[in-house]
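Report on the structure given below.
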Amino acid sequence: MEKIRGFEVAKGFENANINLPVRKTKYSAGYDIEAAEDCIIPSFKPGQAPTLIKTGLKAYMLEDEYLMLCNRSSNPKKKGLVMANSMGIVDADYYENADNDGHFMFSFYNTKSEDVQIKKGECIGQAIFQKFYTVDEDNAQGQRTGGFGSTSK
């Protein structure tokens, strides 16, 4: 079967019992993404960097698609978790990049006054595959040379 789009376990997580994402209902747009390991998201302090939560996953897709990483609707109210970048974008050429094999993560701030603990296997967000379009006479020729945050280099 030809691979079109989907999820795989990223290198380094082969023995970590990572669950591949699933949609919970027939009409769900997003695939639920779980944390790959226990972690603590500290209460926010000015100047603090966001906490990256590992997923242990990489995603493959068609060249004109991207994977949108979104927060769970319950995270802000129940846990005080907001995504540092509002939503994440995983480009098709991020898959199996030389830096990190395409391992994508979620970037969170914790707005509560106490630290928040995330357990391995806990759903932290959702991922939605989307198609994108280019403008007339687009001639992008660049090649990805790295992983996280590398498209502007």
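The residue pairs whose first member lies in the stretch 136-151 and is under 13 Å from Ala98 (Cα atoms) and assigned to a loop (DSSP other than H, G, I, E, B), whose second member is modelled with pLDDT under 60 and small (Gly, Ala, Ser), and whose beta carbons are closer than 8 Å, counting only pairs six or more residues apart or on different chains, are Arg144/Ser150. Residues considered: Asp93, Asp101. Of these, the only one that is farther than 19 Å from Ala29 by Cβ, of a type in the set (D, E, K, R) and in a loop (DSSP other than H, G, I, E, B) is Asp101.
Across the stretch 53-76, the number of residues qualifying as loosely packed, with under 15 Cβ neighbours inside 10 Å and closer than 15 Å to Ile118 by Cα comes to 2. For Gln48, state whether it is closer than 18 Å to Val22 by Cβ, of a type outside the set (D, E, K, R) and in contact (Cβ under 8 Å) with a residue 40 or more places away in the chain. The answer is no for Gln48.
Taking every residue in the stretch 75-100 that is among the basic types (Lys, Arg) and pairing it with any residue that is modelled with pLDDT of 95 or more and in a strand (DSSP E or B), at least 6 positions away or on another chain, the pairs with Cβ-Cβ distances below 6 Å are Lys79/Val116. Restricting the stretch 122-143 to residues that are out of contact with any Leu (no Cβ under 9 Å at 6 or more places or on another chain) and closer than 28 Å to Ala35 by Cβ leaves a set whose member that is surrounded by the most Cβ atoms within 10 Å (Cβ to Cβ) is Cys123.
Scanning the stretch 3-37 for residues that are of a type in the set (Gly, Ala, Ser) and buried (at least 17 other Cβ atoms within 10 Å of the Cβ) yields a total of 4.
The values are calculated or read from the model by the stated rules, or taken from the named source; none is laboratory data. Nothing here was measured: the structure is a model prediction, and the numbers come from that model. All Cβ positions, even for glycine, are placed from backbone atoms using ideal geometry, and neighbour counts span all protein chains on display.
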